[in-house]
Amino acid sequence: MELIAANFPIAKRLLPMSYMGRYCCWRTEMISIILRLLCVWVASMGIWLGTVPWAMAQAQPRAVSQEQISQAEALFNKAFEAIDAGDLSTAESYLSQILEQFPENPAIWSNRGNVRTSQNKLEEALEDYERAISLAPEVPDVYINRGVALEGLGRWEDAIADYNRALSLDEFDPLAYNNRGNAKAGSGQWQAAIADYKKASELAPNYAFARGNYALALYQIGETDLAIATMKNLARKYTQFADMRAALTAALWAQGQLGEAESNWVAAYGLDPRYKSTDWVAGVRRWPPKMVRALEGFLKLSR
């Protein structure tokens, strides 16, 4: 599976589906977040809505009627139809209704936290993640999700601690490495970020955004030739990868390769016009400062 169906480097998980045997494809939402889609499994003993084993998901097992199962499944499906439509407020409402019936299910708490994070309701999201962690403290996904919200608040070290916790539970998780790299980059630890992006790419060779983040961080520390070579390889392999097209525009323009820069810009802008805003690139996509300045120079020249 080629993982480039989103334009942001920070990922969080809506539990579960399958990526590298566990997780699924990506959807674009707000504030640098990649939402993971999830599926529903209705078990014979009740309703299962997450990656947490049933014994953990239902801390206090109780009788569940078929009607309750059907209602929750219908709400669950509606929630993710709303996410696909970009109606996050409605999705949050549906998940809240499920929690009224199944307050002991950590997956739903985590998923509602994801939807709240996507609406920049970061403090409320943290409350949901805390509840999920209290119910399922050994599930790494929830720590990854909470780390995303902490990054949104600029709490880099707290986010790094959550990603470290996730990696202590699953040392081969590429998403945790990528996100930890983002948090380290946010705090200016560029060499450490590069190491994490590289590790994520090694664990998941088709994780295009981890490789893209690696290229951007290389550019920040002055490894320009390797950064551009990596960007070109990614743009060649993933022709719809707007992030790398825009990055190549900036890097090539800074080197005086105006024709090739313009060509990449036509592709990047056609795929995602948000790259025309350096405020968005710096604050939402969170490119490194040197990369943002290069794009800013190109945009000023092309106006």
Of those in region 214-227 that are within 24 Å of the chain's Cα centre (by Cα) and closer than 15 Å to Ala250 by Cα, the residue surrounded by the fewest Cβ atoms within 10 Å (Cβ to Cβ) is Gln220
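Can you pull out the residues in region 282-303 that are open to solvent by 50 Å² or more (accessible area, probe 1.4 Å) and among the hydrophobic types (A, V, I, L, M, F, W, C)? Talk me through it step by step, then tell me what you get.
Residues of region 282-303 that are open to solvent by 50 Å² or more (accessible area, probe 1.4 Å), as a first pass: 283, 286, 289-290, 293, 296, 300-303.
Scanning region 282-303 gives a single hit, Leu301.
Within region 255-291, how many residues are free of Cβ contacts under 8 Å to residues at least 24 places away in the same chain and of a type in the set (A, V, I, L, M, F, W, C)?
Filtering region 255-291 for residues free of Cβ contacts under 8 Å to residues at least 24 places away in the same chain gives 256-260, 263, 266, 269-270, 273, 276-280, 282-283.
Filter again for of a type in the set (A, V, I, L, M, F, W, C), leaving 258, 266, 280, 282.
Final tally of qualifying residues: 4.
Here's the yes/no breakdown for (1) under 17 Å from Gly297 (Cβ atoms); (2) buried (at least 23 other Cβ atoms within 10 Å of the Cβ); (3) aliphatic (A, V, I, L, M):
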| residue | (1), (2), (3) |
| --- | --- |
| Phe209 | no, yes, no |
| Gly212 | no, yes, no |
| Ala229 | no, no, yes |
| Asn233 | no, no, no |
| Ala246 | yes, yes, yes |
| Thr249 | yes, yes, no |
| Ala254 | yes, no, yes |
| Asn264 | yes, yes, no |
| Pro273 | no, no, no |
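Sort out which residues of region 163-187 are farther than 27 Å from Lys232 by Cβ and open to solvent by 10 Å² or more (accessible area, probe 1.4 Å), and write them in order of number. Break it down into steps so the answer makes sense when it comes.
So in region 163-187, the residues farther than 27 Å from Lys232 by Cβ come out as 163-173, 176, 183, 187.
Within region 163-187, Asn164, Arg165, Leu167, Ser168, Leu169, Asp170, Glu171, Phe172, Ser187 meet the criteria.
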Among helices (runs of 4 or more DSSP H) entirely within region 216-303, at least 2 residues that are closer than 20 Å to Ala193 by Cα occur in 224-237, 242-254, 278-283, 289-302
Is there any pair with a first residue in region 120-136 that is closer than 14 Å to Arg165 by Cβ and a second that is in a helix (DSSP H, G or I) and open to solvent by 10 Å² or more (accessible area, probe 1.4 Å) whose Cβ atoms are under 8 Å apart and which are 6 or more apart or on different chains, and what are they?
-> Tyr129/Trp109; Tyr129/Arg146; Glu130/Arg146; Ala132/Trp109; Ile133/Tyr143; Ile133/Arg146; Ala136/Met56
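The values are calculated or read from the model by the stated rules, or taken from the named source; none is laboratory data. Source: prediction; values computed, not measured. Counting neighbours? That spans all protein chains shown, and the Cβs are built from the backbone with ideal geometry, glycine included. Please note that ligands, DNA and RNA were not included when accessible areas were found on the heavy atoms of the full protein model with its side chains. Shrake-Rupley method; radii C 1.70, N 1.55, O 1.52, S 1.80 Å.
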